[in-house]
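> The structure that follows is given in the form of structure tokens.
The values are calculated or read from the model by the stated rules, or taken from the named source; none is laboratory data. Note that the structure is a prediction, hence the values are computed from the model and not measured. We place every Cβ from the backbone using ideal geometry, glycine too, and count neighbours over all the protein chains shown.
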């Protein structure tokens, strides 16, 4: 896993996996606590977007929480700092991203700006998408283009 570190240190793969598992252990948190733990809001053109980003060794454990959609909907409705709120779950081991967006307008924004294809509330990307390097720049580029089209 950490090929760049192998020449200078002997780190067993089991240790790396244990470290990632400890990092992504959310069993002690409620879904509501989990969703606000790493939430950040961004001004993107004329809109505000709130993104919760969670790293996990087993993204399915988070995505399959029975109350996830309900709690994400509550978070989105309760936030006054963002009109679009979504969850990004990064798969640490399989290098994927699962996005959960409960509101249709947010799904449409993510589809139009980043090309995500949703099946219900969930979209899966075959690579890691991060807030600062993928979501925010993609949304900024899209809204800038969209604003130019509005003025045309």
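> Within region 91-125, which residues are touching a strand residue (DSSP E or B) at 6+ places or on another chain (Cβ under 6 Å), at pLDDT 95 or above and more than 25 Å from residue 45 (Cβ to Cβ)?
98, 122, 124
> Residue 106 - would you say it is in contact with a helix residue (DSSP H, G or I) (Cβ under 9 Å, 6 or more places away or on another chain), in contact (Cβ under 8 Å) with a residue 60 or more places away in the chain and either more than 30 Å from residue 17 (Cα to Cα) or outside any strand (DSSP E or B) (or both)?
Answer is no for this residue.
> In this structure, does residue 76 turn out to be touching a strand residue (DSSP E or B) at 6+ places or on another chain (Cβ under 6 Å) and at pLDDT 95 or above?
no
> Are any of the residues in region 16-27 at pLDDT below 85, closer than 22 Å to residue 121 by Cα, in contact with a helix residue (DSSP H, G or I) (Cβ under 7 Å, 6 or more places away or on another chain) and part of a loop (DSSP other than H, G, I, E, B)?
Yes, the conditions are met somewhere in region 16-27.
> Only one of 85, 61 is closer than 17 Å to residue 35 by Cα and modelled with pLDDT of 95 or more. Can you tell me which?
The unique qualifying residue is 85.
> Kindly provide the set of residues from region 42-90 that are under 16 Å from residue 123 (Cα atoms) and touching a residue at least 60 places away in the same chain (Cβ under 8 Å), ordered by number.
Within region 42-90, 51, 53 qualify.
> Can you name the number of the only condition in (1) in contact with a helix residue (DSSP H, G or I) (Cβ under 6 Å, 6 or more places away or on another chain); (2) without any contact (Cβ under 8 Å) to a residue 40 or more places away in the chain; (3) surrounded by 21 or more Cβ atoms within 10 Å (Cβ to Cβ) that residue 139 fails?
Going through (1) in contact with a helix residue (DSSP H, G or I) (Cβ under 6 Å, 6 or more places away or on another chain); (2) without any contact (Cβ under 8 Å) to a residue 40 or more places away in the chain; (3) surrounded by 21 or more Cβ atoms within 10 Å (Cβ to Cβ) one by one, residue 139 breaks only (2).
> Going through region 46-69 one residue at a time, which ones are within 13 Å of the chain's Cα centre (by Cα) and in a strand (DSSP E or B)?
49, 50, 51, 52, 53, 54, 55, 56
> Residues being over 17 Å from residue 88 (Cβ atoms) and either crowded, with 16+ Cβ neighbours inside 10 Å or modelled with pLDDT of 90 or more (or both): count how many of those fall in region 34-46.
1
> Kindly provide the set of residues from region 55-88 that are under 18 Å from residue 139 (Cβ atoms) and crowded, with 18+ Cβ neighbours inside 10 Å, ordered by number.
Within region 55-88, 76, 82, 84, 85, 86, 87, 88 meet the criteria.
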